[in-house]
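One structure below.
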Amino acid sequence: MESFTLTQQLLQFMVTGLTIGSIYAMVAIGFNIIYNVTEVLNLAQGEFVMLGGLIMVSLHVALGLPLVAAFAATVATVTVVGMLLDRLAIRPVRQPTVMSLIIATVAASMIFKGLAMLIWGKNPYDLPAFSGREPILLGGLVIQSQYLWVIGFMVLVTVLLALFFNRTILGKAMRACSDNGAAARLVGINTQQMVLLAFAVSAAIGAVAGITLTPIALMDYDRGAMLAIKGFAAAILGGLGSFPGAILGGIILGLIESYGAGLLLSGYKDAYALIVLLLVLFLRPSGILGGMAAARSKRV
Amino acid sequence: MNRFGRYLAMLLLVCVVVLVWGLGTAPADYKVGAIFSVTGPASFLGDPEKKTAEMVVAQVNAAGGIDGKKIQLIVYDDEGDATKANLYARRLLTQDRVTAVIGPSQSGLTMAIIPLFEQFKTPLISCAASHKIVYNEKTGKPYHWVFKTPQSDSMAVEAIYAQMGKMGIQRIAIMSVTSGYGASGREELLRIAPEYGIEIVADEKYDPRDTDMTAQLTKIRALAPQAIVNWSIGPTQVIVLRNWRELGMEKIAFFQSHGFGSRQNIQLAAGAAEGVYLPLGAGNIAEILPDDHPQKEVTMTYLAEYTAKFNEPVSAFGGYSWDAMHLVIDALRAVGDDKAKIRDHIENRKNFVGQQGVYNFSADDHNGLTKDAFLMVVVKDGDWTLVE
Amino acid sequence: MLRIHKPPMAVGAVAIAVLPLIMGRVPALEHYPLLMVFAGIYCLLTIGLSLLMGYAGQISLGHAAFYGIGAYTSGVLTVHFGLNPWLCILAGALLAALVALAIGTPALKLQGHYLAMATLAFGIIVNIVFREEVRWTGGPDGLIGIPMLSLFGFHFDAIVKYYYLVWAVVAGAFVFSANLLQSPVGRALRAIHTSEAAAGAMGIPIARYKVTVFVIAAVMAALGGSLYAHFMNFINPGTFDLFFSIQLILMIALGGMHSIWGAMVGAILIAFLSFEWLHHFGEWEIVVYGLVLLVVTIFFPKGLAGLPKMVTERIRR
């Protein structure tokens, strides 16, 4: 039997950590987009991931749509769901406080989860890997091709978002809303539409995370909540509202889980990640990359 | 004044509820209760269990019932929550006044309600596996009113270790999910290993909703055991298999628990399940049983009926519920709805042919099965094949 | 909001006192006292949480951890060491207070969502400990054999007896909280909720007050947990998980966050919804639950406890 050096093991843990971390990062980015514009913590973010995975399974596996078409259609569908969430659950709240809006998103996530259970049942579903299941061997290192897709899509999402926020009028308007909503309204930006847009973009990113995750982890109706919590933790760790922070937070979280499971008691791996999170918060109350001032101005 | 208004509203609410509830339920001849985890994280247990129990009752009633009396099945969904299991058990016992109860789906929840059944002197036939359900540590005997149909985890472990002995495997790694199912299997794996001269070199865990177990497997790979035993349920047992294959660990034999016993899992593993060993009850493998097998007939019948009705593969879990329900029906047929007589009847029942085995109950054994209730199976060409 | 009126309290006390006598006689409602035992335990949790969230304005998504600390202290000490249950209840409350002090002192310096995450993380970590320390806690399968309570030879073995015990404790917590809110502490808390900066400028020791309320809420939760453990005679980690923490938030949101009455209405309502009424919707249960919650959030911003006021205002206009 071949032997594996510690270095090989450590690298293997890193590959896993980066992949899981990328998923968390995508969920965290979704949190941030909505948070920046509305200060709402959208706890239904994980349900977008779940819906992305399950709708993709239906379109690609059950209906036989080609990969790219099914991908696009899934993202589009979940985007519409995200917009409906804003229109039907967030905007109608009569006296919006941060707390009541969070409760509204919790309620929405229950409805999504319940409907998903009625539509798809309780069994998990599989999605073929985008480019086959043959892993790539690199020295003693094993990399599943789907892992690269996950990391690749995380990078792609980041690049597209950077372009969107820096190069397009719409993106700049959205940034203006997050910096100062009242001032943005004064210069003629329709903030309500910006909120709608934030939900749409955030849902689309969630869908991408779900589609790329499903070939690795299968998907069922009950997955959303856990992903939302991990994504929330990543967003907080990195600093709420900060996109580089979300990516950093997600990847740190993924790496701690992976190294914790591999090197220490695996039953406690979630605890390790959260203990680190607590320590970071106690030392830096606004996360790694969150500005203190930003955290103050966005207080509940 | 406002405060009084508030009370008025509350009172009104209570009145409405009283009215709704006052409508009551129609009386039926034999009342049997059931508590399953129909929704929630353990729904893959409770869902087929509920469907099976309802199907069995419908069949019996359609065939004229028991001596002309129909069975009314009252099913509650505990959602995997101990508080709800306790509450519904009390309701079945004190309000619905059922003759016997089948379920719950999970060992922990069964443990949570055993004291109630001892107190209210009503038979409980659990569909959960732990041997603690039928073994009171204080007295060293079974609980008086409690039975269970699934094979104990210790039997599955013994079947696996016996197979390892035949294959010359001594150094193994174990993996388990951090739910009651995984914890109970893990405990038995650790406890019985010395009896079979097996050394456990790694003991890894993961969460029921985890998306990847590569880290745990990488650690195991470096320790180079001869085999891995994985004890989990739900999507994780498929993910772990895929990771095992992707990491190129085929040389390390892979054993799954009986929780893997649904063809859906082979499909979901997308080829990764080839060559995996697992112990299964006869109910999972009806088609490949030899014709002279004692359970061939009942398992083939159940397979045909269940798949025709629900258009999904049968699972071991549905089988637990089939056995529990039929044990109750068998007792009702023999002695009517006297609880104490039903209990005595089940305790003395021999050669009861069910989905999961041929039960021989006794005063010391409220499970009635031996490790022969498990057959070793290996996955070949995307289907179960009997070992040997 | 400030004054707690005496008449409604009297009405409430009488209603609670006679409830089991009436319902015990109606066959369809026979199990309502049982539901009210759990509802009462939830009230203990939500009263504390509403002090923390509704009055002091500090969010906690990890409150189930203190509930669990109470339950497991009672469970472990009675099962493994055979200690007197009443002593264990005290020990549970004490441990919860210490943990709350240790975690609250650094955590309550955090703001808004950061505090939410810190408490959430704390709750998950505590739950993992319950699950993993199998030797003491019984692991995921749970801990069996927790004794029932008895006092001077009187056994709290019937549901109705336990009902009165639980609700007596709830009444104590209610009176304590009402008095607390009318004291200078209560005024200070509301000042913190309105504006921390202003409260600080007025010389209110913000940090100390916040931690104090956090400890009080933790102790109430631990009492609830102990009462739960001795009633069920069984506990498992699933009861005290993150989703229960979120459910607690839903309770006070549904009832009305800014009053202890609201906290109680929400606790009782969610107990009945999740144990009883939603059961009739079968597979649709969770969807209906979500819809109820959404409707209340959208149309009753002050929760159901704010409903009578809304109605009277509408009529006056």
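The values are calculated or read from the model by the stated rules, or taken from the named source; none is laboratory data. Everything numeric in this text was worked out from a predicted model, so none of it was measured. A quick note on method: Cβ atoms are made from the backbone with ideal geometry, for glycine too, and the neighbour counts reach across all protein chains shown.
Numerical summary
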{"read-out": "Criterion: over 26 Å from B:LYS341 (Cα atoms), in the same structural domain as B:LYS341 (by TED's automatic domain parsing), of a type in the set (Gly, Ala, Ser) and within 20 Å of the chain's Cα centre (by Cα) - qualifying residue of B:ALA82, B:ALA159", "value": "B:ALA82"}
{"read-out": "Top-ranked residue of segment B:183-211 - restricted to ones that are in a strand (DSSP E or B) and not β-branched (Val, Ile, Thr), ranked as surrounded by the fewest Cβ atoms within 10 Å (Cβ to Cβ)", "value": "B:GLU199"}
{"read-out": "Residue match in segment A:204-220 (condition: surrounded by 21 or more Cβ atoms within 10 Å (Cβ to Cβ), within 14 Å of another protein chain (Cβ to nearest Cβ), free of Cβ contacts under 8 Å to residues at least 24 places away in the same chain and not hydroxyl-bearing (Ser, Thr, Tyr))", "value": "yes"}
{"read-out": "Tally, over segment C:240-263, of residues that are within 23 Å of A:ASP222 (Cβ to Cβ) and more than 10 Å from chain A (Cβ to nearest Cβ)", "value": "6"}
{"read-out": "Enumeration of residues in segment B:148-170 that are over 30 Å from B:GLU49 (Cα atoms) and in a loop (DSSP other than H, G, I, E, B)", "value": "B:GLY168, B:ILE169, B:GLN170"}
{"read-out": "Near pairs, Cβ below 6 angstrom, 6+ apart or cross-chain, from segment B:116-132 (more than 24 Å from B:MET155 (Cβ to Cβ)) to any residue that is of a type in the set (Gly, Ala, Ser) and part of a helix (DSSP H, G or I)", "value": "B:LEU116/B:ALA89"}
{"read-out": "Checking C:HIS258 against (1) touching a Gly at 6+ places or on another chain (Cβ under 8 Å); (2) assigned to a helix (DSSP H, G or I), the condition it does not meet", "value": "(2)"}
{"read-out": "Test: residue in segment B:227-237 that is surrounded by 20 or more Cβ atoms within 10 Å (Cβ to Cβ), facing chain A (nearest Cβ under 8 Å) and within 18 Å of A:TYR147 (Cα to Cα)", "value": "no"}
{"read-out": "Test result for C:LYS109, more than 14 Å from chain A (Cβ to nearest Cβ) and among the basic types (Lys, Arg)", "value": "no"}
{"read-out": "Members of segment A:121-163 that are surrounded by 20 or more Cβ atoms within 10 Å (Cβ to Cβ), among the aromatic types (Phe, Trp, Tyr) and not in a strand (DSSP E or B)", "value": "A:TYR147, A:TRP149, A:PHE153"}
{"read-out": "Odd one out for A:PHE199, checked against (1) crowded, with 24+ Cβ neighbours inside 10 Å; (2) more than 21 Å from A:ALA89 (Cβ to Cβ); (3) aromatic (Phe, Trp, Tyr)", "value": "(2)"}
{"read-out": "So B:ALA9, is it touching a Pro at 6+ places or on another chain (Cβ under 7 Å), within 14 Å of chain C (Cβ to nearest Cβ) and at pLDDT 60 or above", "value": "yes"}
{"read-out": "Whichever residue in segment B:268-284 is modelled with pLDDT of 85 or more and surrounded by fewer than 22 Cβ atoms within 10 Å (Cβ to Cβ) and, among such residues, is nearest to B:SER130 (Cα to Cα)", "value": "B:TYR277"}
{"read-out": "Candidates A:MET117, A:MET99, filtered to the one that is over 18 Å from the mean Cα position of the chain (by Cα), at the interface with chain C (Cβ under 8 Å from one of its Cβ atoms) and within 25 Å of C:GLY282 (Cβ to Cβ)", "value": "A:MET117"}
{"read-out": "Residue count for segment C:264-273, restricted to those that are within 14 Å of chain A (Cβ to nearest Cβ) and either buried (at least 22 other Cβ atoms within 10 Å of the Cβ) or at pLDDT below 80 (or both)", "value": "2"}
{"read-out": "Among residues of segment A:25-48, those that are over 13 Å from A:GLY241 (Cβ atoms) and part of a helix (DSSP H, G or I), counted", "value": "7"}
{"read-out": "Within segment C:204-235, tally of residues that are more than 13 Å from C:ALA188 (Cα to Cα), more than 18 Å from the chain's Cα centre (by Cα) and surrounded by fewer than 24 Cβ atoms within 10 Å (Cβ to Cβ)", "value": "1"}
{"read-out": "Single residue of B:GLY234, B:GLY180 found to be at positive phi, of a type outside the set (D, E, K, R) and touching a Pro at 6+ places or on another chain (Cβ under 8 Å)", "value": "B:GLY234"}
{"read-out": "All positions within segment B:171-182 that are modelled with pLDDT of 90 or more and either part of a helix (DSSP H, G or I) or over 27 Å from B:ASN367 (Cα atoms) (or both)", "value": "B:ARG171, B:ILE172, B:ALA173"}
{"read-out": "Candidates B:GLN216, B:GLN256, filtered to the one that is under 26 Å from the mean Cα position of the chain (by Cα), buried (at least 22 other Cβ atoms within 10 Å of the Cβ) and modelled with pLDDT of 85 or more", "value": "B:GLN256"}
{"read-out": "Counted residues, segment C:1-28 - those being within 14 Å of chain B (Cβ to nearest Cβ), loosely packed, with under 15 Cβ neighbours inside 10 Å and assigned to a helix (DSSP H, G or I)", "value": "9"}
{"read-out": "Test: residue in segment B:82-89 that is in a helix (DSSP H, G or I), facing another protein chain (nearest Cβ under 9 Å) and of a type in the set (Val, Ile, Thr)", "value": "yes"}
{"read-out": "Selection from segment B:53-69 of residues that are at pLDDT below 90 and either in contact with a Leu (Cβ under 7 Å, 6 or more places away or on another chain) or of a type in the set (D, E, K, R) (or both)", "value": "B:ILE66, B:ASP67, B:LYS69"}
{"read-out": "Residue match in segment C:290-304 (condition: in contact (Cβ under 8 Å) with a residue 24 or more places away in the chain, in contact with a Pro (Cβ under 7 Å, 6 or more places away or on another chain) and assigned to a helix (DSSP H, G or I))", "value": "no"}
{"read-out": "Residue match in segment B:98-107 (condition: assigned to a helix (DSSP H, G or I), modelled with pLDDT of 90 or more, assigned by TED's automatic domain parsing to the domain that holds B:VAL328 and under 24 Å from B:ASP153 (Cβ atoms))", "value": "no"}
{"read-out": "Helices (runs of 4 or more DSSP H) (entirely within segment C:29-147) containing at least 2 residues that are over 26 Å from C:GLY262 (Cα atoms) and modelled with pLDDT of 90 or more", "value": "C:63-81, C:85-107, C:112-132"}
{"read-out": "Exclusive hit being out of contact with any Leu (no Cβ under 9 Å at 6 or more places or on another chain) and in a helix (DSSP H, G or I), set C:VAL160, C:VAL175, C:VAL169", "value": "C:VAL175"}
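So that you can scan it fast, the table gives a plain yes or no per residue for (1) out of contact with any helix residue (DSSP H, G or I) (no Cβ under 7 Å at 6 or more places or on another chain); (2) of a type in the set (Gly, Ala, Ser):
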| position | (1), (2) |
| --- | --- |
| B:ALA53 | no, yes |
| B:LEU87 | no, no |
| B:ASP96 | yes, no |
| B:SER105 | no, yes |
| B:PHE117 | yes, no |
| B:PRO123 | no, no |
| B:HIS144 | no, no |
| B:ASP153 | no, no |
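Yes/no matrix, rows are residues, columns are (1) more than 25 Å from A:GLY260 (Cβ to Cβ); (2) modelled with pLDDT of 90 or more; (3) touching a Pro at 6+ places or on another chain (Cβ under 6 Å):
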| residue | (1), (2), (3) |
| --- | --- |
| A:LEU10 | no, no, no |
| A:SER22 | no, yes, no |
| A:SER58 | yes, yes, no |
| A:THR74 | yes, yes, no |
| A:ASP86 | yes, yes, no |
| A:PRO92 | yes, no, no |
